[in-house]
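Trainee: I have a structure I would like to understand better, so I am pasting it below and will then ask my questions one at a time.
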Amino acid sequence: MDFAGLQGRLLGEARRRIRAGELTERGLARAAGISQPHLHQALGGRRRLSIEYSDRLLRRLDLTVPELVAAEQPGPVVGYTELRYTERR
């Protein structure tokens, strides 16, 4: 399991809870101290979260890294295969 896989599971759990009505995207972003557009793009696979933002999301969702590793049904990793980062000059 690599970091991208763990982040995919984290975002999958966030998407699941949002779809289940347990929380809203806006409320989660606010509680985690992440801008709503940034979280929206991460949930849609168009952007990755920094380690700091991932930690904030973990805490807000009351999850731990071992729980993500042990998850049997990971959420879909949307867009990560298409993401390409280039260095800015």
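Trainee: Is the shape of segment 3-70 rounded, prolate or oblate, going by the alpha carbon gyration tensor and its root eigenvalues a ≥ b ≥ c, with a/c under 1.5 for rounded and a/b larger than b/c for prolate?
Mentor: rounded
Trainee: Give the peptides 34-45, 17-28 in descending order of average Cβ contacts within 10 Å, highest first. Don't skip to the end; give the middle numbers.
Mentor: On the way: 34-45: 16.5, 17-28: 13.0.
Answer by packing, highest mean first, reads 34-45, 17-28.
Every read-out reported here was derived from the displayed coordinates using simple, explicitly stated rules and does not represent laboratory data. Keep in mind that this is a model prediction, so the values were computed, not measured. All Cβ positions, glycine included, derive from the backbone under ideal geometry; neighbour counts span all protein chains shown.
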